[in-house]
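Written out below as structure tokens is the structure these notes cover.
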């Protein structure tokens, strides 16, 4: 599936009456805006599943010339995330609404403000393939529309400028993990089989699919206690299947834990209780 063009992404980001200003038609006189101290998702990885929209908090400092208008009506500024380079963008996401900014300093020539916004990632619209699970870059944008609008005449001029390589954010696939211990109840000293399955978000298929060849750890928590202990490590098989055996010693909970990879978030199964007689 073809990625969103910068113009289309910014039209969504700016959320304004059909504004779609491609970067190629940037303003002939680019304003001197400076985006600093960009922090995406509080420094944590952005974990995205297959259906739930993720709102990513972003904070930054924006310094602009006093004569550059950023009013949220005819001119806009904010932060986007993109994969690739500005010359060859693999993907791009931005905010659905205008940022909230508070002026912190002014001089004869500049205005400085601290800003916050939420970049919205809807997996069915913003993530399309495995390559999107990687480190993205943060960029700042400025876009404007001017002209004449009336019932009798419409004439507009628009442009967009983007500053890249201002920060990074990791995007990961969400993972799911299950655990099922049997038989139950079981006599002390008999064999318990603990099965499970490790899956992760497939954005192309819009579904969770098995994650094969990954290390998982079986853990046990005795009834009446609060702490899990490692029992053994195993590797997921076909379709992400997990299965191993242990000897029944006491009643308690078994679960699998997956530490995650560069592209996929960690996951922990819900503990499955088994009664030992």
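The values are calculated or read from the model by the stated rules, or taken from the named source; none is laboratory data. Predicted model, so just to flag it, every value in this text is computed and none were measured. Neighbour counts are summed over all protein chains in view; Cβ atoms, including those assigned to glycine, are modelled from backbone coordinates with ideal geometry.
One table, with the values for the structure above:
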| item | result |
| --- | --- |
| Filter result (surrounded by fewer than 19 Cβ atoms within 10 Å (Cβ to Cβ), assigned to a strand (DSSP E or B) and over 18 Å from the mean Cα position of the chain (by Cα)) within segment 166-193 | 180, 182, 191, 193 |
| Residue within segment 39-48 that is touching a helix residue (DSSP H, G or I) at 6+ places or on another chain (Cβ under 8 Å), within 19 Å of residue 129 (Cβ to Cβ) and in the same structural domain as residue 132 (by TED's automatic domain parsing) present | yes |
| Breaking point among (1) touching a strand residue (DSSP E or B) at 6+ places or on another chain (Cβ under 6 Å); (2) at pLDDT 90 or above; (3) surrounded by fewer than 17 Cβ atoms within 10 Å (Cβ to Cβ), for residue 69 | (2) |
| Enumeration of residues in segment 260-274 that are in a loop (DSSP other than H, G, I, E, B), surrounded by 13 or more Cβ atoms within 10 Å (Cβ to Cβ) and either at negative phi or free of Cβ contacts under 8 Å to residues at least 24 places away in the same chain (or both) | 261, 263, 265, 266, 269, 271 |
| Which numbered condition residue 151 misses (of (1) outside any strand (DSSP E or B); (2) more than 20 Å from residue 71 (Cα to Cα); (3) touching a residue at least 24 places away in the same chain (Cβ under 8 Å)) | (3) |
| Residue match in segment 72-79 (condition: more than 17 Å from residue 169 (Cα to Cα), surrounded by fewer than 13 Cβ atoms within 10 Å (Cβ to Cβ) and modelled with pLDDT of 95 or more) | no |
| Single unsatisfied condition, residue 197 versus (1) on the phi > 0 side of the Ramachandran plot; (2) within 33 Å of the chain's Cα centre (by Cα) | (1) |
| Segment 230-253 - residue that is free of Cβ contacts under 8 Å to residues at least 40 places away in the same chain and within 31 Å of the chain's Cα centre (by Cα) and, of those, farthest from residue 176 (Cα to Cα) | 230 |
| Subset of segment 49-66 that is surrounded by 15 or more Cβ atoms within 10 Å (Cβ to Cβ) and in a loop (DSSP other than H, G, I, E, B) - its residue that is nearest to the chain's Cα centre (by Cα) | 49 |
